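Since every read-out is calculated from the coordinates, none of them should be taken as a lab result. Please read all numbers here as calculations on a predicted model, not as lab measurements. Positions of Cβ are backbone-derived with ideal geometry, glycine not excepted, and every protein chain shown enters the neighbour counts.
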């Protein structure tokens, strides 16, 4: 049967979710070390309770554990993100354009760090990890509508910050 | 425009009419730019395989927590531990040596597994292994004892001052502070003292006082006198006579102006203290005072 206690099932859950658990905690708190710890902690807990957690619930179980681990415990640090290397097309752009791009990215970085933690996490899970609103809602344990609200507010304040409104 | 239209637009959930309206707004270009650039964002590196290996290592350490033991297995473990403890202590207690001792003014007779007999004088102790008796007739002695050894294997009496080895005979061993005496009444006894071996035929004694081997008189009887409730001495320093008196009556002896190196020859009763005190004081020209458990011997006033 499909049981989380089975090595294969557990291993596939790990492969499919560990990176997102890591990112999820990183977007919240901006601390890579804590994010690594959260992955270990969450999966050890899942293994210990493998007989009580059905595979379909494993995902939300992981995020709940990871989230609870740092609830009110650590102070959020600056989230530092990278940008994909510019494609060839972009590299032929004029120095002026490249400079503008660089400035834009700096503004975006600052704006992201100014966002409330839940808006930033929702925005980045969608933009970087390609998570649908429904998936994020499951991870955060809230309704899809709440996630849409966070996303809307995130876009609004990012644009305002960047455009200096 | 509907609620949360920016989120809907990003996920492509806006209707055509709404999208057209949004495109007309001045902020539209900014949102398109934001959408494009945020698509190139990347999270920090995360090595899934490495993290999985780390987790596997942690899980191994914590494995006992995870696997719940069958309760009966747990019970078996405890039972096994108790069984080992019980067997261990059984063998330990069994291998412990038998030990018999006498108090002051006390005497006891012991019959060994091979019917050898030991009479233990006051304030003495013997130790032997009952379990190994058949192969190893070895007795440790502190104090004084008379042995009637049944014929058989070598019989050894170990003391702090020397070892006595016999095959089958009757002999007395006295091992007191500064005093060691072996008297053979029957057969042949071998005494090893300070690495020197002495063969002792029946009717002979071997005596060491304060580390010095002394000539001694031959025994007059077939048994040591103390077996018959008397203590006999032949040219023995007074010091050891008084120590014997203390042991036989459980009293404390003090002296005043008395030379304890004087040699004493005589016998005292082990049952009648007043008789014993007279037996010692008269030939040595001493007086004595008895108060409770204390005896004071003092020199007779010269007339």
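For this structure, a couple of remarks:
- Placing a pseudo-label 7 Å from each Cα along the Cα-to-Cβ vector at residue A:78 and residue B:150 gives an inter-label distance of 9.9 nm.
- 222 nm mean residue ellipticity, helices alone, for chain B (DSSP H n ≥ 4; -39,500 (n - 2.57); rounded to 500): -9500 deg cm²/dmol
- Between B:11, B:232, B:116, the residue with the greatest mean-square fluctuation in the GNM of chain B (Cα pairs under 10 Å linked by springs) is B:11.
- Cα-based shape type of the range B:98-214, given that a ≥ b ≥ c are square roots of the gyration tensor eigenvalues and the cut on a/c is 1.5: oblate
- Residues A:64, B:271 arranged by fewest to most Cβ contacts within 10 Å: B:271, A:64
- For B:171, B:147, B:206, B:91, the sequence from fewest to most other C-beta atoms within 10 Å is B:91, B:206, B:147, B:171.
- Additional length obtainable on full extension of the chain from residue A:57 to residue A:3, 0.36 nm per residue less Cα span: 18.3 nm
- Each Cα pair under 8 Å and six or more residues apart adds its sequence gap; the mean of these over the residue count of the range B:197-303 is a relative contact order of 22 percent.
- 0 to 90° range, to nearest 10: angle between helix A:55-70 axis and chain A longest Cα axis: 60
- The residue B:13 and residue A:11 beta-carbon pair, evaluated with R₀ = 41 Å, returns a calculated FRET efficiency of approximately 0.70.
- Chain B - percent relative contact order, Cα under 8 Å, separation 6 or more: 8
- Projected label distance in nm at residue B:33 and residue A:161, using a 7 Å step from Cα toward the beta-carbon: 1.6
- Bridge type composition, the range B:229-299 - antiparallel percent by DSSP, nearest 5: 70
- Taking a ≥ b ≥ c as the square roots of the eigenvalues of the Cα gyration tensor, the range A:7-70 is prolate, since a/c reaches 1.5 or more and a/b is larger than b/c.
- Restricting attention to the range B:40-183, close to 90% of DSSP beta bridges with both partner residues there are antiparallel.
- Mean separation of Cα contacts under 8 Å (6+ apart) over length of chain A, as relative contact order %: 23
- Reciprocal mean inverse distance between Cα atoms of chain B - Kirkwood radius, Å: 26.9
- Overall form of the protein assembly as shown per C-alpha gyration tensor (a/c, 1.5; a/b vs b/c): prolate
- Label-point separation, residue B:198 to residue A:109 (7 Å along Cα→Cβ), nm: 10.4
- Beta bridges per DSSP, both residues in the protein assembly as shown: antiparallel share near 90 percent.
- A Förster distance of 41 Å, applied to the separation of the beta-carbon atoms of residue B:250 and residue B:135, puts the FRET efficiency at 0.60.
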